[in-house]
1. Need one number: nm distance between label points at Glu181 and Arg88, each 7 Å from Cα along Cα→Cβ, rounded to one decimal.
2. Could you report region 144-200's accessible area per residue, 1.4 Å probe, as an integer in Å²?
3. How long are the semi-axes of the ellipsoid equivalent to region 28-116, from square roots of 5 times the Cα gyration tensor eigenvalues, in whole Å, largest first?
4. Could you name the lysines in cross-link range of Lys186, using Cα to Cα under 29 Å and dropping any fewer than eight places away on the same chain?
5. Round to a whole angstrom and tell me the spacing of the C-alpha centers of region 28-53 and region 185-251.
6. Just how many % of Cα pairs in the chain lie over 27 Å apart, if you round to the nearest whole percent?
7. Just subtract the alpha-carbon distance of Glu246 and Arg66 from 0.36 nm times their residue separation and send over the number in nm, one decimal.
8. Counting only protein heavy atoms and using a 1.4 Å probe, what share of the accessible area of the chain belongs to carbon plus sulfur, as a whole percent?
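The values are calculated or read from the model by the stated rules, or taken from the named source; none is laboratory data. As the structure is a computational prediction, the values presented were derived from the model and not from experiment. Note that each Cβ is placed from the backbone with ideal geometry, even for glycine, and that neighbours are counted across all protein chains shown. Side chains are part of the model used for accessible areas, which takes the heavy atoms of the whole protein and leaves out ligands, DNA and RNA. Shrake-Rupley method; radii C 1.70, N 1.55, O 1.52, S 1.80 Å.
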Amino acid sequence: MIPRLPTRRQALALPLASLAARASRRIEEVRRLPAPEAHQAVAVDAASFYAIGNHVIARYDKRTGRRMGGWECQRAKPLIHLNSGIVREGVLYCAHSNYPAVPMISSIETWDARTLRHTGSHSFGIEAGSATWVEFRGERRYVNFAHYGSRAGEPNRDPRWTTLVEYDAGWRRLQGWVYPEEVLAKLGSYSISGGAFGPAGDLFCTGHDEPELYVLGFPEGGSTLVLKEIVPAPLAGQGIAFDPEEPGMLWGIDRAARQVVAMRLRAG
């Protein structure tokens, strides 16, 4: 009898389990706060967190959980599918796309973080995929463009085409990277949903629904990000954000429970 060769996912299972087992960091849940809008992501600034849904955003007091205001539109009037967000210098930036439609089109939308007045849009049109998160590091801007293996996928493309693109302050493309095979094997038909730079500069990413964080670094050469470790976390994928006031405090969502989850990153 000829032995059956393991599938690609089975072949990667052992090294992936080893990565999780020897993680140098761990996540400690601090508290949960109800937020009915928390369907896609959470963003955070000094005083507030922002629960993000497809075409709705609500601002909450970070200390008390009291709802402070909100913004909403009808689907496609003008926005369709908001994803991860980040607050920078009083502006809330959110990745936006026409998911699950194809061809994929994307933009970065902005709001005044205090009033949640929609203030602008940078349209990519058809770019490198479906924008799922935006992040800043210095003057550089990073946008993840997802690809899918489902009805939302473009012909002849799958999650392997997911790309992280670096832009300058004028949205001029500088360079780009793809994700390592070990991470792609965890995504199924979905893609990278969230991303944020941690206190030490590592890039923390999430998938669509797995309760874990992928800690990545930029390669010394080539175009593939380097997987450093996998850290279990009490969330279900989706958009994440590090707290600018509390280094090591990470915010995520539990979309099934419609909760925002505050977590602390600890040494393992």
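1. Computed distance between label sites Glu181 and Arg88 equals 3.4 nm.
2. On the way: 2440 Å² over 57 residues.
Normalised by residue count, the accessible surface of region 144-200 is 43 Å².
3. 23, 14, 12
4. Lys228
5. Centre-to-centre (Cα) distance: 17 Å.
6. Details: 12149 of 35778 pairs.
So the pairs more than 27 Å apart make up 34 percent of the total in the chain.
7. Values: separation 180, 0.36 × 180 = 64.80 nm, distance 1.99 nm.
Gain on stretching Glu246 to Arg66: 62.8 nm.
8. 50 percent
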